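> Pasting a structure below so you can have a look.
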Amino acid sequence: QVQLVESGGGLVQPGGSLRLSCTASGFIYTIKGMGWYRQAPGKQRELVAVIISGSNTNYADSVKGRFTISRDSAKNTVYLQMNSLKPEETAVYYCNLNHFSGLEYWGQGTQVTVSS
């Protein structure tokens, strides 16, 4: 019904910046919110940032002031601007979409590697 495709991942040096994109396709109705999660090897998936109905945003404490989530409704795309990246933030970043119905969708993930 809904497909999410992430892009923009890659290799960056510590302190560098990266902009992730997630484009949704299919039937996109009654969106409750969209967000970004990340999962490093051997660790559980964690919330990075979400943008929810009412245009509210929430961020993990560790990324506040450095990351910005935004969306372009016309393009059905959500973005994650990441600045001042740290090596410990190396992970696969996943896009997530929630409907008011309770249905949840995930993208395939995009690799972000922060290393010098």
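> Out of the trypsin sites (Lys or Arg not before Pro) in the range 1-91, which ones are loop residues according to DSSP with at most 12 other C-beta atoms within 10 Å? Working shown, then result.
Working: sites: 19, 32, 38, 43, 45, 64, 66, 71, 75; in loops: 43, 45, 64, 66.
When the trypsin sites (Lys or Arg not before Pro) of the range 1-91 are filtered for loop state and at most 12 Cβ neighbours within 10 Å, 43, 64 remain.
> Quote the relative contact order of the range 8-104 in percent (integer), defining contacts as alpha-carbon pairs under 8 Å separated by 6+ residues. Don't skip to the answer; put the middle values down first.
Numbers: 172 pairs, mean separation 37.2, N = 97.
Averaging sequence separation for qualifying contacts and normalising by length gives 38 percent for the range 8-104.
> Carbon-plus-sulfur fraction of the accessible area of the chain, 1.4 Å probe, in percent?
Details: 3000 of 6230 Å².
C and S atoms contribute 48 percent here.
> Also, I was wondering about something else. Tell me the per residue accessible area of the range 1-42 using a 1.4 Å probe; a whole number in Å² is fine.
On the way: 2260 Å² over 42 residues.
The answer is 54 Å² per residue.
The values are calculated or read from the model by the stated rules, or taken from the named source; none is laboratory data. In this text the structure is predicted, and so the values were computed from the model without any measurement. Note that we place each Cβ from the backbone using ideal geometry, even for glycine, and neighbour counts take in every protein chain shown. Just so you know, the surface numbers come from the protein's heavy atoms only, side chains and all, with ligands and any DNA or RNA stripped out. Shrake-Rupley method; radii C 1.70, N 1.55, O 1.52, S 1.80 Å.
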